[in-house]
Amino acid sequence: MPTHDDVDAFLTRTLVGSDPILDAALSAQHAAGLPSIEVAPVNAKFLHLLTRMAGARRVLEIGTLGGYSTIWFARAVGEGGRVVSIEAESANAELARANLRRAGVGDRVDVRVGRGADVLPSLEGEEAFDFVFIDADKESNTLYLDWAARLGRPGTVVVLDNVVRGGDVADADATDSKVQGARRGILMLGSDPRFDATALQTLDRKGWDGVALAIVVDAGEAGAAS
Ligand code: DHB
Ligand code: MG
């Protein structure tokens, strides 16, 4: 009986394949002692395809880590596109920049160092983002969702990572701060009139987790479900 790891391996080798540039980015991340919490390859390609499906030219990523997902986004927006990726740790940001340069996309990515709460206000007044990926400290999910709506426009796609956390998101009494952050994110997506959202559970090499997917709507405009 195949396991979910067998399925993940099959899907990854069949639909994603291997790429020496992405492998090098992950090796550098590993060598630097960063945790292997980047999105799984099947998930990275899912984000990449969503970005292309949305026709996104401007992507905002909150949480760069070593730049693995950032490379996928940079490839999705193409040569004329732009990715702004926010990273709290300056050493991670340096590593990500090196990985992005090696991938040949350094010129279309702006890695900004600082906490989201400090960097996000500086993006106000820029052209709206078409796609926002939130994958940083889970405790700040609602803050990041608020900024996603403010820096986006009706139609902006918002993806929030790690919203299932081994099932714990369904436990209203969970005490873990990351689980609470995931719960608050889902509750906000379900109640804030600026979003129309759903979420999918995922089972990949990182185990049981999930992603929430939302579109920014005109506040006051009825969502598809209402
Ligand atoms: C964690 C963070 C992530 O972004 C992820 O994809 C998996 C785990 C964490 O902080 O536990
Ligand atoms: Mg994540």
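Values in this text are rule-based calculations from the coordinates and carry no lab data. Please read all numbers here as calculations on a predicted model, not as lab measurements. So basically every Cβ, Gly included, is an ideal-geometry build from the backbone, and we count neighbours across all protein chains shown.
Determine ³J(HN,Hα), in whole Hz, for all residues of the range 56-73 in sequence, where each value follows from phi through the Karplus function 6.51 cos²θ - 1.76 cosθ + 1.60 and θ = phi - 60°; x replaces Gly and Pro.
My calculation for the range 56-73 gives 5, 9, 10, 10, 10, 10, 10, x, 7, 6, x, x, 5, 5, 4, 4, 4, 5 Hz in order.
Which net charge results when you count Lys and Arg as +1 and Asp and Glu as -1 among the other residues whose beta-carbon is under 14 Å from that of G66? It would help to have the intermediate numbers written out before the result.
Working: positive: R97, R101, R102; negative: D23, E38, E61, E87, E89, E94, D135.
Taking every Cβ under 14 Å from that of G66, the sum is -4.
Calculate one ³J(HN,Hα) per residue across the range 199-207 by plugging θ = phi - 60° into the Karplus curve 6.51 cos²θ - 1.76 cosθ + 1.60, and present them in order as whole Hz with x for glycine and proline.
Taking θ as phi minus 60°, the curve returns 8, 10, 7, 10, 9, 9, 5, 8, x Hz for the range 199-207.
Modelling each spin label as a point 7 Å along the Cα-to-Cβ direction, I'd like the E126/V7 distance in nm, to one decimal.
Going by the 7 Å Cα→Cβ label model, 3.8 nm.
V39's amide H: which non-local residues (gap 5+, or another chain) put their own amide H closer than 5 Å, with H modeled 1.01 Å from N in plane and none for Pro or chain starts?
S69
Using θ = phi - 60° and the Karplus curve 6.51 cos²θ - 1.76 cosθ + 1.60, what whole-Hz ³J(HN,Hα) does each residue of the range 104-121 get, with Gly and Pro shown as x?
Those phi angles translate into x, 10, x, 6, 10, 10, 10, 8, 9, 8, x, 6, x, 4, 8, 7, 4, x Hz.
Please list the non-local residues whose amide H lies under 5 Å from the amide H of V111, H modeled 1.01 Å from N, same-chain partners needing a gap of 5 or more.
Long-range HN contacts for V111: S85.
Can you classify the chain as rounded, prolate or oblate using the Cα gyration tensor, where a ≥ b ≥ c are the square roots of its eigenvalues, rounded means a/c under 1.5, and otherwise it's prolate if a/b beats b/c and oblate if not?
Taking the square roots of the gyration eigenvalues as a ≥ b ≥ c, the chain is rounded.
Between G210 and residues 5 or more places away or on another chain, which pairs have amide H atoms under 5 Å apart, with H built 1.01 Å from N, and which residues are they?
N162, V163, V164, R165, T202
Please check which bits of the range 75-100 a label hung off R115 would reach, taking the label as a point 7 Å along Cα-to-C-beta and the cut-off as backbone N under 17 Å.
Backbone N within reach: 86-91.
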